[in-house]
Every structure is written in structure tokens, then in C-alpha cells.
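Here is the structure we will look at, set down as C-alpha cells.
The values are calculated or read from the model by the stated rules, or taken from the named source; none is laboratory data. Note that the structure is predicted; figures quoted are calculated from it, not measured. Cβ: placed from backbone, ideal geometry, glycine included. Neighbour counts: every protein chain shown. Please note that ligands, DNA and RNA were not included when accessible areas were found on the heavy atoms of the full protein model with its side chains. Shrake-Rupley method; radii C 1.70, N 1.55, O 1.52, S 1.80 Å.
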Number of protein chains: 2
Amino acid sequence: MEEVRNQQVVLKDYVNGFPKESDMLINDSATINLKLQEGSNVVLVKNLYLSCDPYMRGRMSKSQGSYVDSYTPGSVGILGMPGMTAYAGFYEICAPKKGEYVFVSAASGAVGQFAKLSGCYVVGSAGTKEKVDLLKNKFGYDETFNYKEEQDLEATLKRDGIDIYFENVGGKMLEVVLANMRLNGRISACGMISQYNLEQGDGVRNLFHIITKSVRMQGFMVTDYFHMYPKYMEMIMPLIKQGEICYIEDVAEGLASAPAALVGLFSGRNVGKQVVVVTRE
Amino acid sequence: MEEVRNQQVVLKDYVNGFPKESDMLINDSATINLKLQEGSNVVLVKNLYLSCDPYMRGRMSKSQGSYVDSYTPGSVGILGMPGMTAYAGFYEICAPKKGEYVFVSAASGAVGQFAKLSGCYVVGSAGTKEKVDLLKNKFGYDETFNYKEEQDLEATLKRDGIDIYFENVGGKMLEVVLANMRLNGRISACGMISQYNLEQGDGVRNLFHIITKSVRMQGFMVTDYFHMYPKYMEMIMPLIKQGEICYIEDVAEGLASAPAALVGLFSGRNVGKQVVVVTRE
């Protein structure tokens, strides 16, 4: 009983461009001994769930300086890193005011719901009809659009302008947003998923609008805000219990499904937070 | 005696690309009546000095939304708008700390001297040997370079990285700076002179570093900081009197020299703040 199976997903080699399932290997033959050495102070952890997140792409490249701490087991979903990221990036960085116009690209449920709770007008974009419907019908976004079907992104984002932009995409989307920012606008730079698989990133025009509109663009790492986790819990727990905040998880079953789940993030296959169930007990 | 000459510089038409002297017309035949109507509350102003500044280029284009208030006569040089801009953009936006690395593009004397007073290490770039020498020998920059002669801007700016960037240039310079920003860096976005004469602005890569280094990029308009003018005076006046801050003005004589002085800004012909003396009394 002391020797058990220890299935592994192994990165075969550093990745260029879009990651493929074949960049990873499932190793079924590894085992691990459950009995620790006498006097050892090592802890053996059994992972029940894993998270798949876009930032992981950066850790699969050779040259890119990594900016993320090691993965913290158990911190998955709205109560974990993703929810905390939305909280820090929206409330702390953007300091939303009632009536402001918020735009969320690669729109997550959490940011849009926080914005609605703050009395903002919220527009969100996503890349499939299913996701766009979710934003509108489940997460309460005021307006939504499928960026893959927009003929004129510039006009779509013009409307009343943007006070707060929660940046998940980068590239062309950022360029168009910049041209539509309002005076004293704030951009919370959380991610740029359109850029992670490019050999050389896109050049972004319209940065001059940062000056003319007195825009503040702030990058952040959620790890710098972990000290606020208790404050976040205090806010979010009652909201979840009262059904005022909802969330969606996309659950893949079994560790062997992890490579496909991770790769799927970059084609937008997941709907909601991507989680992998390693085992349920 | 009531009818006097009122020489004028007239913009002939909206400008595309680099402004030329021929875009402006000197009108020598206009006159003005010094006698005001009985009961009028109009004030007639005699301008002694004019300022030439890069932002004026934006006001010569048709489509560009103007972001500057009308010119305030008399506010010229280190005690006026340019000095106040350096003060607000450096102290208020960048909140410098002793020992930090500061880079100033199209380096002005004021920002670099403020940075030295704050105990920072200051690198400045300019486009002529004369200006580079001034930065080093008169304004006390720790390191300087002529960006037109740099073979490898990336390597030049790498060194110890950049905590604070005072942005006057935009385009390629910004792109290289972004890649060299340090953790929690600040970019005070004051101007982007390399972009003002382009039909379509340059695309800027490396924005992802804003996220990975938690950089804050803040655009600003000096007009939003004019309420701090008394505080600025309180700081700057003793420094000037004690010779701890120095400044250079490039003085053009006579209103007819104004078009050449303005156009010269964009080829870097001026050394120091460009002023036009309309008349000395």
C-alpha cells in the first residue's frame, strides 16, 4: 500500500507559438512512496483540483522572465486567485465610481458583477455566442458583443467612451480601447492573452491618448494583494451566499484531460473558470 | 497715436506631417486701435514674450482633439508652464525615492535637476552633442547619450533598469524603455514628440512589461495641477536664488522669427526652452 501511482503531466520542451497537447506528455508509470522517512519534516500533498490559467503559457517559454509565484494548491475559482485578481484589479486599481462606463475584454464574470455592484454601466466582449449570452443573461452585463463578429470595433467601443478598462487581451483591442478612453480613465492591466503565443508582440498605436485623456494604466500581480485576502473574503462570502454573485466553472475530469484543458484556453474553448478534477477524494 | 501696428503670425491651413515655416504667414499690415469703447470692460494686452512648445503642433491639425487650454501670456520658462509640468509630472506622478533610477527622454533640464535633488541616479537622452554636453555638465545628469548615435538603444537603457521614466518622446523609445522598466516602475507620460507629425502613430511593442513589472503609466495635463503653483513657487524660488537649479532659454528675437522657432522644435534645433521676444518693453 505504500507505493502508489503518481500520474504526471510533463512539459516535453519549451513551447513556441500556441501550445499543443502534444507539447505535454502523460506519464502513467510513475509511482510515489507514501511512507516518509523517520524524522522527516516533509509534507506529502494529494492534489484534488488543478487550475488552468492563461499566465501558465509564459512559464512554458524559455526566455520569458516568469512573474508568477509557484501555483498554490487549493486556490481555484472565485474564492481563489482568479476572484482575488478581479477584486484587486477592479476595486484597488480602478477605484470605480457610480455611473462610470466599464469595459471588460475576455470578460470574466467576476469583474462585470463587481462593476454592476458598484453602479457602473458594463460592456463585455467574448469570442463565442455562448459566452456572450452568459455575460448578458447570467452575469448582468449591460451590453455585450462577440469581438470575432464585430466589423468595426472602433465604433462598437465609441458609444459613451470608457472610464475603466479591465485589460485581459492586449494588442488590437487595447489600441482601440485607448482611442475611446474618457478623461481620467483607468486601465487595470491584468493580462494580454492575445500576445502570449506570438513570437513578437503586436505594436499598439494610440498611446498618445494616455496623455490627452490623463489616463492611468496600471499593471499588477495578484500576489502583491494577497494580504487583502481576508478583506476580499469578508466582501465576497455574503454575496455568494445571498446569490448576488454567481460564477461558472468549466470542469475537466482527470489529470489526463489537463493538457487539452490548458491548450483550450487559448482558443477560448472553456466557458468559465477552467478547473481540472484530479480526483474527488 | 491710437492706431498702432499689430503684427500677426497666421496659420495658413491645417498642417499634415512636419510643420514648415511656409505653413505660417507674417501679416505686417494689421493695426489695432488702442482706445477702448466707453464703458467697455475689455482689457488690451501687449505681449512681450511668446513660448514655443511641442504641444502646439497638435493645435495645427484639423482632426486632433485639443487637450490644452489657451495659451496664458506671461507663463514662460521655468517659472511658468514648462517648469510646473516638470514639477507635477515628476514629484506628483512619480513620487521619486532616493536611489532610484530615472530616465528622461528629450531630456529637459528641470526634470533631471529635480531627480538629482531627490537623490536619484539620472540618465538623459538628447539629439545633439551640444545638448548632451549641457545635460551632463550644466544640469548634472549622471549619464547621457545622443539617441541619434546609439547603435543599440536596448543595451544602452538596460544597465540597472529604470524605476522612473519621464516620457517626452513616445514610439520606439517608449518601446525600448518598457522592456527595461523595473518592478513597480512609474512612467510619467508628458509628451510624445516623435509622434506629433506622423499621419499614423507608431505601434509600440513591449506593453506586456507593464503587467509583469507592475508598472504604472500615468498621462497628465499640467492644467490639472495649476492649483499647486504656489507650492511649486515655494520650492523653486529659493533653489533658483541659491543657484541650485539652473535653466537655459533659447531666445528668438521678434515675432517674425516665431514660425522658424516653432518649426525648429521638431528638428531639435532649440537648446533649452524656446522663447520668442516680441518686444522688450
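For first residues located in segment A:197-225 and facing chain B (nearest Cβ under 7 Å) and in contact (Cβ under 8 Å) with a residue 24 or more places away in the chain, partners that are assigned to a loop (DSSP other than H, G, I, E, B) and aliphatic (A, V, I, L, M) and lie 6+ apart or on another chain with Cβ distances below 6 Å form the pairs A:Val204/B:Leu207; A:Ser214/B:Met221; A:Gly219/B:Val215. Against the condition in the same structural domain as B:Thr223 (by TED's automatic domain parsing), in a loop (DSSP other than H, G, I, E, B) and out of contact with any strand residue (DSSP E or B) (no Cβ under 9 Å at 6 or more places or on another chain), how does B:Gly119 come out, does it pass? Here the answer is yes, as B:Gly119 does meet what is asked. On the basis of being farther than 23 Å from B:Ser188 by Cα, open to solvent by less than 10 Å² (accessible area, probe 1.4 Å) and of a type outside the set (Gly, Ala, Ser), does A:Phe114 make the cut? Answer is yes for this residue.
Of all residues in segment A:235-254, which are over 21 Å from A:Tyr49 (Cβ atoms) and of a type outside the set (D, E, K, R)?
A:Met235, A:Pro238, A:Leu239, A:Gln242, A:Gly243
Only one entry of B:Gly140, B:Gly161, B:Gly119, B:Gly171 meets the criterion of being modelled with pLDDT of 90 or more and closer than 20 Å to B:Ser214 by Cβ, and that entry is B:Gly161. The selection criterion, being part of a loop (DSSP other than H, G, I, E, B), more than 8 Å from chain B (Cβ to nearest Cβ) and in contact with a Ser or Thr (Cβ under 8 Å, 6 or more places away or on another chain), does not hold for A:Val177. Assessment of segment B:261-279 against the conditions (loosely packed, with under 15 Cβ neighbours inside 10 Å and farther than 30 Å from B:Val15 by Cβ) yields no matching residue.
The one condition from (1) surrounded by 24 or more Cβ atoms within 10 Å (Cβ to Cβ); (2) not in a loop (DSSP other than H, G, I, E, B) that A:Phe145 does not meet is (1).
Being closer than 26 Å to A:Met192 by Cβ, touching a strand residue (DSSP E or B) at 6+ places or on another chain (Cβ under 6 Å) and of a type in the set (Phe, Trp, Tyr) is a description that applies to B:Phe166. Looking across segment B:252-270, just one residue is touching a Gly at 6+ places or on another chain (Cβ under 9 Å) and modelled with pLDDT of 90 or more, and that is B:Ala252.
Among the residues of segment B:148-170, those identified as surrounded by fewer than 21 Cβ atoms within 10 Å (Cβ to Cβ) and either outside the structural domain of B:Ser188 (by TED's automatic domain parsing) or free of Cβ contacts under 8 Å to residues at least 40 places away in the same chain (or both) are B:Lys148, B:Glu149, B:Glu150, B:Gln151, B:Asp152, B:Leu153, B:Glu154, B:Ala155, B:Thr156, B:Lys158. Residue count for segment B:161-190 satisfying the condition of being under 17 Å from the mean Cα position of the chain (by Cα) and at positive phi: 2.
Taken together, B:Asn168, B:Asn184, B:Asn197 contain a single residue that is within 18 Å of A:Met221 (Cα to Cα) and among the polar types (S, T, N, Q), which is B:Asn184. Restricting attention to segment B:8-25, the residues that are assigned to a loop (DSSP other than H, G, I, E, B), open to solvent by 50 Å² or more (accessible area, probe 1.4 Å) and of a type outside the set (Phe, Trp, Tyr) add up to 4. Within segment B:14-52, restricting attention to residues that are in contact with a Lys or Arg (Cβ under 9 Å, 6 or more places away or on another chain) and without any contact (Cβ under 8 Å) to a residue 12 or more places away in the chain, the residue that is farthest from B:Asp250 (Cα to Cα) is B:Ser29.
The set of residues from segment B:31-61 being of a type in the set (Val, Ile, Thr), closer than 30 Å to B:Lys273 by Cβ and outside any loop (DSSP other than H, G, I, E, B) comprises just one member, B:Ile32. Is it the case, given these coordinates, that A:Gly171 is in contact with a strand residue (DSSP E or B) (Cβ under 6 Å, 6 or more places away or on another chain) and within 30 Å of B:Gly171 (Cα to Cα)? No, not satisfied. The set of residues from segment A:148-172 being assigned to a helix (DSSP H, G or I), within 12 Å of chain B (Cβ to nearest Cβ) and not charged (D, E, K, R) comprises just one member, A:Gly171. Tell me yes or no: at least one residue of segment B:181-190 is modelled with pLDDT under 95 and either in the same structural domain as B:Lys129 (by TED's automatic domain parsing) or small (Gly, Ala, Ser) (or both). Checking segment B:181-190: at least one residue is modelled with pLDDT under 95 and either in the same structural domain as B:Lys129 (by TED's automatic domain parsing) or small (Gly, Ala, Ser) (or both).
Considering B:Tyr232, B:Tyr225, the condition of being open to solvent by 30 Å² or more (accessible area, probe 1.4 Å) and either within 24 Å of A:Thr212 (Cα to Cα) or of a type outside the set (Lys, Arg) (or both) is satisfied by B:Tyr225 alone.
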